[in-house]
Structures are given as structure tokens and as C-alpha cells.
Amino acid sequence: MHCPFCQHVDTRVIDSRVSEDGATIRRRRECEACGERFSTLETIELKLPLIIKSDGRREAFDARKLRLGFDRALQKRPVSEEQIEAAVRAVVHQLRMTTERELASRRVGEFVMSELRKLDHVGYVRFASVYRSFEDVADFREELDRLERELPPGEGQLPLLDGEPAEKVRRR
């Protein structure tokens, strides 16, 4: 690796540390010519599929856009940053596991909806309303009914008021 200070062609690694999630390695380096020290991050480079948009355009996958979609859907919801990061990693993992070189954006949306459904039902419906282009209240009602039908027994809506019992309340 070239030194960023003097452009010397050889640097040596002084220290290496693996990140908490195991996805990157931080290396502390020293230039043998000028003695300056700097850090580098080493990550695995895997090719993710190109995303085919609904209008036919192809673009490289952008993890920032994925994260932004999760952030918008889960805005002001009781979901931690760690949970969101885990969901983003799960979607990226699903993309890596596909053997396809190109993937329709609709498939990516389905991966996102699957993760949102596990995290927060309100976030899921928010995302679904944009993703599926809900036209009116009937579309929302249909999606809510589908979600409610597919909920495991005993899993329902949380109480609306703090004074209500902590047990979950089933609608209807």
C-alpha cells in the first residue's frame, strides 16, 4: 500500500483488529520512508447483483438507499439501530446468496418487506403502502387484514394506553 503522505510504495502493518461484526479489519500502518502512521480498513469485496428498476434501467446496488428505506419506514418507531443494521445485513446477505447477476428491484423490495415484517408491523405497512402503490384506504385495509390473518396466535396489537394491561390485545 502506498503511503498517503509521501507516496512511498511500501508500508508495514503495525497492528490489526477485527471489527465487532467480523466484516472489516482495521490495520494500523507505518511508512518505512517517512515514518508517518495511518489506518486502513479492509473489507471483503463481493459482487452484488445489478438492480433492474421498474423502468428497465440498471444500476449498482446501493446499501445507503436500502438503509434509507428502512429508516423512512421505521421513523419514530420503537426499533433500535442495531435491529435496523441487522435487517440491512440480512437483505444484503440474501442478495449475495442469489446467483443472479441482475435482480429486479421488486425482489429487493420483497426481501425488505420480509425483514420489516419481523421488526415492526407499522413500518411494514408504511413500506408496503409506497412499495405497492396503495391508491386508497381499501388498499391499506386489505394489507392490514392480510397481516392480521398471518399473525401467529396470541400476537396482536400492543395496548394503546399506558394504564392498560401489558398483555397484547387481539383486534376484532
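The values are calculated or read from the model by the stated rules, or taken from the named source; none is laboratory data. The shown structure was predicted, so the numbers you read here are calculated from the model rather than taken from an experiment. So basically every Cβ, Gly included, is an ideal-geometry build from the backbone, and we count neighbours across all protein chains shown.
Please verify whether the range 67-89 includes one or more residues that are of a type outside the set (S, T, N, Q), over 23 Å from H121 (Cα atoms) and surrounded by 14 or more Cβ atoms within 10 Å (Cβ to Cβ). No. Among the strands (runs of 3 or more DSSP E) confined to the range 21-62, the ones with at least 1 residues that are over 24 Å from T99 (Cβ atoms) are located at 24-31, 37-43. Quick one: which residue in S129, S105 is touching a residue at least 24 places away in the same chain (Cβ under 8 Å), in the same structural domain as A86 (by TED's automatic domain parsing), polar (S, T, N, Q) and within 26 Å of I51 (Cα to Cα)? Being touching a residue at least 24 places away in the same chain (Cβ under 8 Å), in the same structural domain as A86 (by TED's automatic domain parsing), polar (S, T, N, Q) and within 26 Å of I51 (Cα to Cα) holds for just one of S129, S105, which is S105.
Looking for something closer than 19 Å to R117 by Cβ, part of a loop (DSSP other than H, G, I, E, B) and under 27 Å from the mean Cα position of the chain (by Cα) - is there at least one such residue anywhere in the range 80-90? Looking through the range 80-90, at least one residue is closer than 19 Å to R117 by Cβ, part of a loop (DSSP other than H, G, I, E, B) and under 27 Å from the mean Cα position of the chain (by Cα). Taken as a whole, the structure leaves Q94 outside the set of residues that are surrounded by 10 or more Cβ atoms within 10 Å (Cβ to Cβ), in contact with a helix residue (DSSP H, G or I) (Cβ under 9 Å, 6 or more places away or on another chain) and modelled with pLDDT under 70. Scan the range 45-90 for residues that are touching a strand residue (DSSP E or B) at 6+ places or on another chain (Cβ under 7 Å) and aromatic (F, W, Y) and the total you get is 1.
Might you check whether a residue that is closer than 23 Å to R57 by Cα, among the hydroxyl-bearing types (S, T, Y), part of a helix (DSSP H, G or I) and touching a residue at least 24 places away in the same chain (Cβ under 8 Å) occurs anywhere in the range 116-125? Within the range 116-125, not a single residue is closer than 23 Å to R57 by Cα, among the hydroxyl-bearing types (S, T, Y), part of a helix (DSSP H, G or I) and touching a residue at least 24 places away in the same chain (Cβ under 8 Å).
Taking every residue in the range 22-36 that is closer than 17 Å to H8 by Cβ and pairing it with any residue that is aromatic (F, W, Y), at least 6 positions away or on another chain, the pairs with Cβ-Cβ distances below 6 Å are R29/F38; C34/F5; E36/F5.
Looking at the structure I just gave you, is R67 part of a helix (DSSP H, G or I) and either out of contact with any Ser or Thr (no Cβ under 6 Å at 6 or more places or on another chain) or β-branched (V, I, T) (or both)? For R67, the condition - part of a helix (DSSP H, G or I) and either out of contact with any Ser or Thr (no Cβ under 6 Å at 6 or more places or on another chain) or β-branched (V, I, T) (or both) - is met. Please go through the range 11-62 and pick out each residue that is loosely packed, with under 11 Cβ neighbours inside 10 Å, among the β-branched types (V, I, T) and over 23 Å from E85 (Cα atoms). Within the range 11-62, none qualify.
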